[in-house]
Each structure stands twice: as structure tokens, then as C-alpha cells.
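Input: one structure, supplied below.
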Amino acid sequence: MKVCKFGGSSLADAGQVRKVCDLVLADPARRVVVVSAPGRRRSGDEKVTDLLIACARHALAGADTEAPLAAVVARYDAICRDLGLPAEIAGEIEADLRRRLASDRSHAGRFLDLLKAAGEAHAARLVAAALRARGADARCLDPCRAGMLLQGECGNATLREESYGLLAASLAEFLGRPPAAGRPGPLAVFPGFFGVTRDGRVATFSRGGSDITGAILA
């Protein structure tokens, strides 16, 4: 079994997502796909993670969040449209982002982690949908439910040791399902960068943390 990790530049737009799907589907041993949030499409462009940070900081300052929120939604909407994915996906992404923005802001670091994690969460959702559109049995796995338990400071969390057993069990349960007739085995698309604390709070690794997620799963 191979674990593949794709960074932000590999997921910046629909064309890049198609290349990711090509690479994953070219080798049936590639069963776990870890993704970052969409990166820059060109010089001067902004990464989705940076847009989410701006959105969180606007909210914490009591400023209007509509402009940075619209910029994030537009990035995902463009990818959905160009891939021919259902239009409602972008609407569901926007609804989730609004729920995150409406959450408790009393702890700035925790609020920022919650917003930042949305970049990878929705990238994984789009990649899984794109793979399913190509006939693959792909599903996005939620790190918070799969056992990615973290501890430590906001924005610089570390893995709890018991996570290895929990993650192994979650992946084995999903990947061990028999493949559908004429299809390769199931594909797990896993958002990088974040997990959950023992008290149920979303927490992130340091920037570049999707690489950490990939290493943990491997």
C-alpha cells in the first residue's frame, strides 16, 4: 500500500486536481491520499489557508468577513465547476465556513485553528468527489473521527501516541472493505494539517503540517 501526499500547488485549480486523480488512479497500490488546501494558481495569487487566516482575523477584530469569505468560496466553486462536480458542493462549503465563523471566538488561537482546518477539510472533499466521478470508490475520512488525536499549543500541536492505533484501525476498517465489481479497492482521502484534542477541539499542526499527516499515516 502507498500513501500519497499532495501539496497546495498540486490542488490549486481543477487542472491540477485532474492530474492528482490521474496519478492516484494510475497505481492501484495508491490507497491513501493526503491533501493540503489549494495553493497559489499563479504569481501574486493567495493560498486558501492565507485567505482563511484573513477571514478569521477579520472576525476576531469585529470586522466584516464577507470579502475574505467570498474569496475562499470562489476558489472552491471554480474547482467544482471546472471539474463538473455537483453545484451544491460549493454551497455546502460556504455553509460550513459560516458555521465556523459563528463559533466561539473567546480563544483566538482555537478559533483560528478551526478556520484554518477548513482548507484541507474541503480540499479532501473535492478530491474524493473528483475521484468518484472517475469511477473510484473514494471517500473523505474525517481526521477527528478517524483518531488523529493532538495535544499542545494552538497552531503547533503534536500527535498523541495513542493516535497510531486509532488511525490504523480506522484505515483498516475502511480500506479492508471488498471492492465493488470491476473496481479497484477503496481509496481514503485524508485532509492534512489538523486533528482533534481529547476535549473535541479542532487543532492544527504548524504550517506545512499536511506533510506531518502524511508521515503519520504512512
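The values are calculated or read from the model by the stated rules, or taken from the named source; none is laboratory data. Quick caveat, the model's predicted, so the values are computed rather than measured. Here Cβ is always computed from backbone atoms with ideal geometry, including for glycine, and neighbour counts include all displayed protein chains. The accessibility values were calculated without ligands, DNA or RNA, using every heavy atom of the protein model including side chains. Shrake-Rupley method; radii C 1.70, N 1.55, O 1.52, S 1.80 Å.
Would you list which aspartates and glutamates come within 18 Å of LYS5, measuring only between C-alpha atoms, while excluding same-chain residues fewer than 8 positions from it?
ASP13, ASP22, ASP27, GLU120, ASP142, ASP211
Continuing with this model, one more query. With the full set of protein chains in place, find how many percent of the accessible area of region 7-55 is carbon and sulfur; take the probe as 1.4 Å.
Working: 930 of 2060 Å².
Accessible surface attributable to carbon and sulfur in region 7-55 totals 45 percent.
Within region 72-218, what percent of beta bridges assigned by DSSP are antiparallel, to the nearest 5? Please list the in-between numbers first.
Details: 5 of 9 bridges.
The antiparallel proportion sits near 55 percent.
Still on this structure, please answer the following. What is the distance, in nm, between label points placed 7 Å from the Cα along the Cα-to-Cβ direction at ALA215 and at ASP199?
2.8 nm
If you don't mind, there's one more thing I want to ask. Could you state the accessible area per residue of region 103-199 in Å², with a 1.4 Å probe and every protein chain left in place? Kindly include the intermediate steps, with their values, before the conclusion.
Working: 4280 Å² over 97 residues.
Dividing the accessible area of region 103-199 by its residue count gives 44 Å².
Also: What does the C-alpha gyration tensor say about the overall shape of region 107-218? Classify as rounded when a/c is under 1.5, otherwise prolate if a/b is larger than b/c, or oblate.
On the way: a/c = 2.68, a/b = 1.71, b/c = 1.57.
In terms of gyration-tensor shape, prolate.
Under a Cβ-Cβ cut-off of 15 Å, what is the net charge of the residues other than VAL127 that fall near it, where Lys and Arg count +1 and Asp and Glu count -1?
Numbers: positive: LYS5, ARG18, LYS19, ARG30, ARG31, ARG75, ARG125, ARG132, ARG134, ARG139; negative: ASP13, ASP22, ASP82, GLU120, ASP137, ASP142.
Within the 15 Å Cβ shell, the charges total +4.
Please report, in debye to the nearest 20, how large the charge dipole of the chain is about its Cα centre when each Lys and Arg carries +1 at its beta carbon and each Asp and Glu carries -1 there.
Numbers: 30 positive and 25 negative charges, 84 e Å.
In total the dipole reaches around 400 debye.
Applying a 10 Å radius around every beta-carbon, put 187-194, 70-77, 159-166, 121-128 in order of their mean neighbour count, most first.
Working: 187-194: 27.4, 70-77: 19.4, 159-166: 14.2, 121-128: 25.5.
The most tightly packed comes first, giving 187-194, 121-128, 70-77, 159-166.
First compute the accessible area of region 165-207 with a 1.4 Å probe, then give the percent of it belonging to carbon and sulfur atoms.
Numbers: 1110 of 1910 Å².
Roughly 58 percent of what the probe reaches on region 165-207 is carbon or sulfur.
Give, in nm to one decimal, the length gained when the segment between ALA87 and ALA61 is fully stretched (0.36 nm per residue of separation minus the Cα-Cα distance).
Values: separation 26, 0.36 × 26 = 9.36 nm, distance 3.22 nm.
This chain segment gains 6.1 nm when fully extended.
Okay, helix-only estimate at 222 nm for the chain: each DSSP H run of n ≥ 4 adds -39500 (n - 2.57), divide by all residues, round to 500 deg cm²/dmol; what do you get?
Value at 222 nm, helices only, nearest 500: -16000 deg cm²/dmol.
Below 8 Å between Cα atoms, with a sequence gap of 6+, how large is the relative contact order for region 30-173 in percent?
For region 30-173, the relative contact order is 21 percent.
Could you give me D for region 1-110, from Stokes-Einstein at 4 °C and 1.567 mPa s, where the hydrodynamic radius is the Kirkwood radius over C-alpha pairs? Units µm² s⁻¹, please. Provide the component values of the computation, followed by the final result.
Numbers: Rh = 15.4 Å.
In µm²/s, the coefficient rounds to 84.
While we're here: Going through the DSSP H helices of the chain, which span 30 Å or more along their own axis at the Cα atoms while scoring at least 0.0 as a mean Kyte-Doolittle hydropathy? Walk me through the numbers before you get to the answer.
Numbers: long enough: 108-133 (39 Å, 0.60).
Span-like helices in the chain: 108-133.
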